[in-house]
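My questions all concern the structure below.
The values are calculated or read from the model by the stated rules, or taken from the named source; none is laboratory data. Model, not experiment: these values are computed from the prediction. Cβ placement follows ideal geometry from the backbone for every residue including glycine, while neighbour counts extend to all protein chains displayed. For accessibility, only protein heavy atoms count, side chains too; no ligands or nucleic acids. Shrake-Rupley method; radii C 1.70, N 1.55, O 1.52, S 1.80 Å.
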Amino acid sequence: MSVTTPRRMLLLGAVGVLAASMAVGVTTAAQAGTTLGASAAEKGRYFGTAVAANRLSDSAYTTILNREFNQVTPENEMKIDATEPQQNQFSYGAADRIVSHARANGMQVRGHTLAWHAQQPPWMQSMSGTALRNAMTNHITQVATHFRGQVAWWDVVNEAFADGSSGARRDSNLQRTGNDWIEVAFRAADAADPNAQLCYNDYNIDNWNDAKTQAVYRMVQDFKQRGVPIDCVGLQSHFTGGSNYPSNYRTTLSSFAALGVDVHITELDIRNAPADAYRNVTNDCLAVARCKGITVWGIRDSDSWRSGESPLLFTGSGQKKPAYDAVLAALNSGTAQPTGSPTTPPPVGGNCTATASAGQVWGDRYNTSVTVTGASTWSVVVSVSSPQRITTTWSGTASLNSSGTVLTMRSNGSGGTFGFTTMMNGNSSARPQVTSCSTS
């Protein structure tokens, strides 16, 4: 696949969108964001978390989620056993619930995962050869098509390389269908969801000197040279403390980025949550222009798969830990990506561009105007950070969520520019974010 495919053209078109949206607001970019997501967005990045559907009824959980994060990854709800429990019988209810919550709150979604040797349903575990290969591609096609336009990134293939010094592929039923299975998976995902960014995701690829890291690097290099559609590499980064946070982590991020792919820190948790280690990881991401964001694997320690190790940024009772303060300080100290540099993946859902510009400012409120190009009929989603609240809109058909923090504006023949007024409510540092522009 050449670099002029629609998905890649859309990525380039988004550069102006997010670069402009970072400048929207009533204060300068040097001023500090007050939450992880808001501060990351000021730098053209995301700060996200893994989300479990069964916790969305927990108000303490969703309060932190909605306040702090601008990206979500379903923990288990998009995995193979959850979405296709019986062959050709697909189940999306729990995943749809997470996606709906994210989109209603202006968060981007990472799809996790389409092809993996683990968490396969029994019917797939018993398959092999051509039958398994066909079942894999059908699963990818059906699931990616279902979520098309709603997912910004897909972890297309997860954990396909072996640990240790061999640098070999992991022995699995998928690998035994033929060494080209990863390429086939990426091509199937690209056909099903051409506007999503397609990622390879793995653990223990943090140390640049490790054989596993080098093996993944060679695969990505080969894919880029041959035109296989791959856009990003995800480093899970499940660290056991400062002891296995590698000193060359930044080298790993920048080396993958030099291949022409984005890098994401996708499942970060660190035993006992040392502030220095969290700060270092954040600074390393900020130092690499193509590091698009960080996702922690859970919100509170009690939500973690490693709950006994207290690895996250919030205690079980939801209190911020010193690691949280370290991450926020690092984000606030970082610099915004320069205009024209690669930014976060395009707002999903269509081929139009929405550029936000600051308007008049008063002591308690401010105006923002948004100009849409590339389509005559469109739908744009803009979010502000609570306690800010959008109160007035003009030049379009508007709808607001119940808290007034997410505005969906649709064209109604009044032109390609619309505007809105935001009440600060004591928060003068946050900026509106254009989260999607889709044709309609």
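Would you pull out the residues with amide H under 5 Å of residue 295's amide H, same chain only if 5 or more places away, H placed 1.01 Å from N?
48, 265, 266, 267, 268
Enter the angle in degrees (range 0 to 90, nearest 10) between the Cα long axis of helix 181-192 and the first principal axis of the Cα atoms of the chain, meaning the one along which they spread out most.
Tilt of helix 181-192: around 30 degrees.
Something else now. Can you work out ³J(HN,Hα) from phi for every residue in the range 43-51, in order, using Karplus 6.51 cos²θ - 1.76 cosθ + 1.60 and θ = phi - 60°, giving whole Hz and x for Gly and Pro?
Here the 3J(HN,Hα) series is 9, x, 10, 10, 10, x, 8, 7, 10 Hz.
Compute the acute angle (0 to 90°) between the alpha-carbon long axis of helix 275-287 and the principal axis of greatest extent of the alpha-carbon atoms of the chain; round to the nearest 10°.
Rounded to the nearest ten degrees, it is 80.
Now for a different question. Once ligands and nucleic acids are excluded and a 1.4 Å probe is used, how much of residue 36 is accessible, expressed in Å² to the nearest 10?
Approximately 0 Å² of residue 36 is accessible to the 1.4 Å probe.
Be a star and scan the range 280-304 for residues whose amide nitrogen sits under 20 Å from the point 7 Å along the Cα-to-Cβ vector of residue 58.
295-304
In addition: Looking at the range 360-439, what % of the alpha carbon pairs are farther apart than 14 Å?
Of all Cα-Cα pairs in the range 360-439, 57 percent lie more than 14 Å apart.
With a probe of 1.4 Å, find how much accessible area the range 172-225 has per residue, and write the answer as a whole number in Å².
Solvent-accessible surface per residue comes out at 35 Å².
Over the range 252-330, average the accessible area per residue using a 1.4 Å probe and give it in Å², no decimals.
30
On to the next question. Whole-Hz Karplus ³J(HN,Hα) for the range 170-179, in order, using 6.51 cos²θ - 1.76 cosθ + 1.60 and θ = phi - 60°, x for Gly and Pro?
5, 6, 8, 5, 5, 4, 6, 7, x, 5
List the lysines whose Cα sits under 26 Å from the Cα of residue 43, skipping any in the same chain fewer than 8 residues away.
292, 320, 321
Please enumerate, by chain and number, the aspartates and glutamates with C-alpha under 16 Å from the C-alpha of residue 224, excluding those fewer than 8 residues away in the same chain.
Reachable aspartates and glutamates: 180, 183, 190, 262.
According to a simple spin-label model (label point 7 Å from Cα along Cα-to-Cβ), what is the distance in nm between residue 357 and residue 214?
Going from the residue 214 label point to the residue 357 one covers 5.3 nm.
Please turn the phi angles of the range 69-82 into ³J(HN,Hα) values with the Karplus equation 6.51 cos²θ - 1.76 cosθ + 1.60 (θ = phi - 60°), one per residue in order, whole Hz, x for glycine and proline.
Whole-Hz 3J(HN,Hα) from phi for the range 69-82: 10, 10, 7, 9, 10, x, 5, 10, 6, 10, 6, 4, 5, 7.
5 Å is the cut-off here: which amide hydrogens, built 1.01 Å from N in the peptide plane, fall below it relative to residue 84, excluding neighbours closer than 5 in sequence?
Here the answer is 91, since their amide H atoms fall under 5 Å of that of residue 84.
Please work out how much length the chain gains when fully extended from residue 130 to residue 287, using 0.36 nm per residue of separation minus the C-alpha to C-alpha distance, in nm with one decimal.
Extending this stretch completely gives an extra 52.1 nm.
Roughly how tilted is helix 93-104, in degrees to the nearest 10 and between 0 and 90, from the longest Cα axis of the chain?
Between helix and principal axis, roughly 30 degrees.
Measure off, as a whole percent, the carbon and sulfur share of the 1.4 Å-probe accessible area of the chain, all protein chains present.
48
Semi-axes of the equivalent ellipsoid of the chain: what are they in whole Å, largest first, if each equals the square root of 5 times a C-alpha gyration tensor eigenvalue?
34, 25, 21
How compact is the range 225-310 by the rule of thumb for globular proteins, expressed as Cα Rg over 2.2 N^0.38 Å?
With N residues counted in the range 225-310, Rg over 2.2 N^0.38 Å equals 1.15.
Efficiency by 1/(1 + (r/R0)^6): what FRET value for residue 319 and residue 247, r their Cβ-Cβ distance, R0 = 35 Å, to the nearest 0.05?
Once rounded, the FRET efficiency stands at 0.70.
Could I ask something else about it? With every protein chain left in place, what is the accessible area of residue 376 in Å² (1.4 Å probe, nearest 10)?
100
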